[in-house]
Each structure stands twice: as structure tokens, then as C-alpha cells.
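Note sheet for the following structure.
Derivation of every value follows stated rules applied to the coordinates shown; laboratory data play no part. Note that the structure is a prediction, hence the values are computed from the model and not measured. Glycine gets a Cβ as well: all are built from the backbone with ideal geometry, and neighbour counts include every protein chain shown.
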Amino acid sequence: MRKKLLTIVIFSQSWMGAQVAFTSQNTLHLSDNTNKDEKRKFIKAQNGKHKINLLQEVMKSADLAQVTPGMPGDYLVQSTGLKGQSSYKERYAIIFDKAYQPVNMNNMVDYPDASNDFSRAPSGTMLTVGTSQIWFVDLHAIFGKSIGLRRAEAGLMATVYNWFAMRSENGMMTDKIIIAGDWNLPAGDTGFTKLKALSTTMKVLPNVDSSLTKDGNASEAYDHFVWDSAKVSVTETTCDLIDISPKTTQWFRKNVSDHRGITCSLP
């Protein structure tokens, strides 16, 4: 009986270890502010619980080493230059386990937004996950003065999706794409119509209230991953808010961000 139990436990641990958890987190002005030590400590710990982490609202002064988990070299970091069409600017960043070697070795690849259609043009990194290459694309959509502006940017993401699918990086191409970020729209919004029109198997998940009011109460479902399930096998049952226990949402809103992080996993 003891031998059988041991076999079951080993199998369970092996199965759980095979999951590649990835996240998206709007960091609410991540910087080197000395008053934000708790914020950086929390985000670092959260990143360490997952394999691939995409961040939005990374400020110019942010030292990403302070939110990179493990020993030096355990996780790799890529980021972008400052993005924004006004005096306010921010960066994208991705922090990932070294096991998932990037095909683009230097930094994230910027979508060439020649017409300045985006408030912050999306950027991506092609990672090697198992025997596959997958683009992980980061987006922080405009909020603006109307929902129409947000819907317009979401609609343009269909063009961005196709651009990355056709992008050759160090001689490699892949149509496996996961877009992560803060869309400022719920998953069922008409802004996603053009993305969903690319494939009948396009997914927008999770669709849970991720943004927080000033009091720390759940407000809007704004943070999602988008992928084509016919091309990328994501374990949809794992798509949810990142667990912040034992912290409360009130503590999280005060000390970390006005957006909960989201996660899904690859089998």
C-alpha cells in the first residue's frame, strides 16, 4: 500500500511540474521609488511562482533586477524603450525562466506603429517552450476619454497578431502567439470582434474582474490573454486571477497595483 501511494505522489508532482504558468501584471508605475519596497518585494515573489511574466506600466527608473526572482541568471529579463505619445511614458517588460530561451536575444520586438495608432505600441518576445516557439506579446491599451478609443486599439490587434505571425526572428517564424495585457475592455466586448474573426478558435481569457477601486474592491474585467487554441494549447481551466493570499485586495490596491495579475498555463 505504501509503495502504491508513493507512486501516485511522484506522478502528481511530475504532472504539476510540467505546467508552464505565464502571467500578465499591470504594475501601476513600477519605479525605483524608495517608498515602494513592499510593491517590488511582492511582484518579485509573484514572478518567482510562475515561469513567464509580462509586465505593463514599467517606468523609466524601474530597476527590473529588483523584481527578478532567484539567483542571478535563473530568470532572464527583456524590456522595451519608453512608449507613449505624451509626456507620460512607460515600458513593457518580460521576466522568464532561463529554460525558455528567447529567439530574439537582445530585447523585446516592437510592433512598427508607423501611423501612431497605438497609445503604446505592443511588443513581443519569441520564447522556446519545449519543442515549440511562441510569441508572447505585451499590450497596455489606451483608456482615453471614450470606450471607442479602446475598441479601436483592440481592433488593430488583429493586424498586430498577423504581423507577429509573419515576423522572422533569427530565421525562425511561428504562428503560435499569446497576447497578454491590460485591454481596458471586458472579454465579451465588441472590441475583440476583429481578433475573433481571425479564427473560430480564438480565445480571450480569463474574463474576471481584475481592476480594483481605490477601496480595493473588484471593479472591471480588463486583463486578458488572447490566443488561437488551434495553434497554442493552453490549459484553460488554469486561467484566473493570480492568488494573492494571505494578502487582501485592500492591501494589494494600497501597496501594489490597481490591477490584479492574471495567469494561465501551457500543459
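Please give the contour-minus-distance gain from Gln66 to Thr193: 0.36 nm per residue of separation, less the Cα-Cα distance, rounded to one decimal in nm. Let's see the in-between values first.
Details: separation 127, 0.36 × 127 = 45.72 nm, distance 3.84 nm.
Gain on stretching Gln66 to Thr193: 41.9 nm.
Please build a GNM for the chain, connecting alpha carbons under 10 Å apart, and tell me which residue among Gln78, Gln19, Gln46 fluctuates the most.
Of Gln78, Gln19, Gln46, the most mobile in the Gaussian network model is Gln19.
Name the residue from Ala197, Trp135, Ser79 whose Cα lies farthest towards the positive end of the charge dipole of segment 20-266, charges +1 on Cβ of Lys and Arg and -1 on Cβ of Asp and Glu.
Value computed over the given set: Ser79.
Using Cβ counts within 10 Å as a stand-in for footprinting exposure, how do Tyr111, Tyr222 rank, fewest first? Can you show the working numbers first?
Values: Tyr111 21, Tyr222 25.
Fewest-to-most Cβ neighbours within 10 Å comes out as Tyr111, Tyr222.
Calculated FRET efficiency, Trp251 and Ser168, Cβ-Cβ r, R0 51 Å, to nearest 0.05?
Working: r = 45 Å, r/R0 = 0.89.
In this case the efficiency is close to 0.65.
Could you tell me which of Trp227, Gly148, Leu55 has its Cα farthest along the dipole of segment 20-266 towards the positive end, charges placed at Cβ (Lys, Arg +1; Asp, Glu -1), taken about the Cα centre?
Leu55
On a straight-distance basis, which aspartates and glutamates could pair with Lys44 in a cross-link, Cα separation under 20 angstrom, same-chain partners fewer than 8 positions away excluded?
Output for Lys44: Asp32, Glu57, Asp63, Asp74, Glu90, Asp97, Asp138, Asp182, Asp223, Asp240, Asp243, Asp258.
So what is the relative contact order for the chain, in percent, with contacts set as C-alpha pairs under 8 Å and at least six apart? Spell out each step's value before the answer.
Values: 571 pairs, mean separation 48.3, N = 267.
With pairs under 8 Å counted, the relative contact order is 18 percent.
With an 8 Å Cα cut-off and a minimum separation of 6 or more residues, compute the relative contact order for segment 176-251 in percent.
The value is 36 percent.
Tell me, what HN-Hα J-couplings in whole Hz come from the Karplus equation 6.51 cos²θ - 1.76 cosθ + 1.60 at θ = phi - 60° for each residue of segment 25-39, using x for Gly and Pro?
Rounded to whole hertz, the list is 9, 6, 8, 6, 6, 5, 8, 9, 3, 5, 7, 10, 4, 5, 4.
Among DSSP beta bridges whose residues both lie in the chain, state the antiparallel percentage, nearest 5. Let's see the in-between values first.
Details: 41 of 54 bridges.
Percent antiparallel among DSSP bridges in the chain is about 75.
Can you tell me how much longer the chain between Thr201 and Asp74 gets when fully stretched, taken as 0.36 nm per residue apart minus their C-alpha distance, in nm with one decimal?
Working: separation 127, 0.36 × 127 = 45.72 nm, distance 3.46 nm.
Length difference between fully extended and current span is 42.3 nm.
Excluding Ser229 itself, what net charge comes from residues whose Cβ is under 9 Å from its Cβ, given Lys and Arg +1 and Asp and Glu -1? Spell out each step's value before the answer.
On the way: positive: Lys203, Lys231; negative: Asp228, Glu236.
The answer is 0.
Determine ³J(HN,Hα), in whole Hz, for all residues of segment 41-55 in sequence, where each value follows from phi through the Karplus function 6.51 cos²θ - 1.76 cosθ + 1.60 and θ = phi - 60°; x replaces Gly and Pro.
My calculation for segment 41-55 gives 4, 5, 5, 4, 5, 4, 4, x, 8, 9, 8, 9, 10, 9, 10 Hz in order.
So if I place +1 on the C-beta of Lys and Arg and -1 on the C-beta of Asp and Glu, and nothing else carries charge, what would the dipole magnitude of the chain be about its Cα centre? I want it in debye, nearest 20.
560
Assuming 0.36 nm per residue, please report the length gained on full extension of the stretch Thr159 to Thr34 beyond their Cα-Cα distance. Please report the intermediate quantities before stating the final value.
Numbers: separation 125, 0.36 × 125 = 45.00 nm, distance 4.01 nm.
Length gained between Thr159 and Thr34: 41.0 nm.
So, counting K/R as plus one and D/E as minus one, what does the shell of residues with Cβ under 12 Å around Thr190 add up to? Before the final figure, lay out the partial values.
Values: positive: Arg150, Arg151, Lys194, Lys196; negative: Asp189.
Local charge sum for Thr190: +3.
For a quick check: with amide H placed at 1.01 Å from N, whose amide H comes under 5 Å from Lys203's, ignoring anything fewer than 5 positions away on the same chain?
Placed amide hydrogens put Trp227, Asp228, Ser229 under 5 Å from Lys203.
Amide H of Thr238: which non-local residues (sequence gap of 5 or more, or other chain) have their own amide H closer than 5 Å, using H built in the peptide plane?
Close amide H contacts, sequence-distant or interchain: Ser265.
Neighbouring Cβ atoms within 10 Å as the yardstick, rank Phe96, Phe143 fewest first.
Details: Phe96 25, Phe143 13.
Least crowded to most crowded, the residues run Phe143, Phe96.
Quick one: what are the phi-derived ³J(HN,Hα) couplings along segment 226-235, Karplus 6.51/-1.76/1.60 with θ = phi - 60°, whole Hz, x for glycine and proline?
10, 7, 9, 5, 7, 10, 10, 8, 10, 7
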